[in-house]
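Structure first, then comments.
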Amino acid sequence: MAFLFILPTWPVAVWARAMRQAAPAMDVRAWPDGLGNIADIDYAAAWLPPPNVVRGLPNLKVLFSLGAGVDAILNDPTLPENVPIVRVNDPDLTGRMTEYVVLHVLLHHRQQRRIDANQRRKVWDSFPTHAATQMSVGIMGLGVMGQDSACRLRDLGFRVAGWSRTGKDIEGIESFAGAAGFDAFLARTDILVSLLPATPETDGIINSATISKLSHQGPFGAPIIINAGRGRQQVEADILAALESGALHAATLDVFQAEPLPPDSPLWTHPKVTVTPHVAADSDPEVICAYVARQIERYRQGLALENVVDRAHGY
Ligand code: NDP
Ligand code: OXD
């Protein structure tokens, strides 16, 4: 029973150590140098795998994504069709994302960047503030991550709504679904958070048309966006133009069209933009390997794998 890590951009030795700890009987290998006999490989786990690598594993039974998003795996046109893909759904990863979303909603709501700038200039400016109940947060993508963030923000007093492909029934959270619900969702939203997966349907969804439909009734007179979903969802030129024109008040971006964000991107230095380097929710090797080992154990016992990606929907 062999397990292969395909991690071109992550420290594979750390992951291999964590996997050996989680599944001591497993023959843990690493692409590209430690493949061994590829016919032995039953399970593989990947993050940003190059195309053709998974296709070369003739006896692969399950492919694991080491994050919640699977866009980079599904991008491989040579991916075998019959191998199930299991993504991460773990309270550790979800909790980290909720921390990020709550932090950045509060950062804008409490005008912390203005306070930081004032401190640097030794300015005592006790400007008026507003209550969470005056702020409408709208979360695009009301899945595992979106629901947890929505509930925590609701509990802080924010007016929270979510938009997803299918409608949801969550106490205290207004639900909008599909194309039919999109404009109404935007119209009531002062802070737009994206926790959508990257799919052809969500590509470029944060664009000038979307921004123009957001609420201008909120405390700052213009909306705010927070994107921790995927960079493919944002049209960066449209965001910059909206910040310049005042159609957008501010933005927090964790994900970008190109990662790492190129040094010449104007987003780095824009006074209304907070840039974070795709760190909203990091995959912890020990936690995630324990999750993967649990799924392998289920598979070996003939139980259904959990969190299997729906390839038709792309997430
Ligand atoms: P889920 O699959 O649980 O949730 C996805 C949500 O998006 C669902 O509510 C789904 O609707 C909705 N959705 C998908 N397509 C559409 C569409 N076309 N229109 C409207 N709604 C749509 O994923 P997670 O919550 O676990 O993760 C979400 C994403 O967060 C990941 O795919 C990844 O891109 C990103 N992420 C980013 C991280 C970071 O560090 N920046 C870390 C972890 C994740 P429905 O409920 O109806 O299916
Ligand atoms: C993920 C990520 O999808 O870290 O888990 O982006």
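Residues of region 261-315 that are farther than 28 Å from L103 by Cβ, open to solvent by 30 Å² or more (accessible area, probe 1.4 Å) and either under 19 Å from the mean Cα position of the chain (by Cα) or within 16 Å of ligand 1 (Cβ to nearest atom) (or both): L305, E306, V308, D310, R311, A312, H313. The residues on offer are S149, S164, S194, and the sole one that is modelled with pLDDT of 95 or more and in contact with a Lys or Arg (Cβ under 9 Å, 6 or more places away or on another chain) is S194. The residue that is nearest to ligand 2 (Cβ to nearest atom), among those in region 46-73 that are open to solvent by 50 Å² or more (accessible area, probe 1.4 Å) and either more than 20 Å from V287 (Cβ to Cβ) or outside the structural domain of Y291 (by TED's automatic domain parsing) (or both), is P51.
Count of region 82-105 residues, restricted to those that are of a type outside the set (S, T, N, Q) and without any contact (Cβ under 8 Å) to a residue 40 or more places away in the chain, is 4. Screening the candidates T210, T199, T129, T166 for the property of being loosely packed, with under 14 Cβ neighbours inside 10 Å, within 20 Å of the chain's Cα centre (by Cα) and assigned by TED's automatic domain parsing to the domain that holds Q234 yields one hit, T166. With respect to L79, is the statement that it is under 20 Å from A23 (Cα atoms) and aliphatic (A, V, I, L, M) true? Criteria not met by L79. Considering M145, M140, the condition of being under 19 Å from A251 (Cα atoms), touching a Leu at 6+ places or on another chain (Cβ under 7 Å) and within 16 Å of ligand 2 (Cβ to nearest atom) is satisfied by M140 alone. Taking the listed residues T269, T274, T252, T210, the one that is in a helix (DSSP H, G or I), closer than 21 Å to V105 by Cα and among the hydroxyl-bearing types (S, T, Y) is T210, with no other qualifying. With respect to (1) of a type in the set (A, V, I, L, M); (2) more than 15 Å from ligand 1 (Cβ to nearest atom); (3) under 21 Å from L153 (Cβ atoms); (4) touching a Phe, Trp or Tyr at 6+ places or on another chain (Cβ under 8 Å), the lone exception for A222 is condition (4).
The values are calculated or read from the model by the stated rules, or taken from the named source; none is laboratory data. Everything numeric in this text was worked out from a predicted model, so none of it was measured. Every residue, glycine among them, receives a Cβ derived from its backbone with ideal geometry; neighbour counts consider all protein chains shown. Heavy atoms of the whole protein, side chains included, go into the accessibility calculation; ligands, DNA and RNA do not. Shrake-Rupley method; radii C 1.70, N 1.55, O 1.52, S 1.80 Å.
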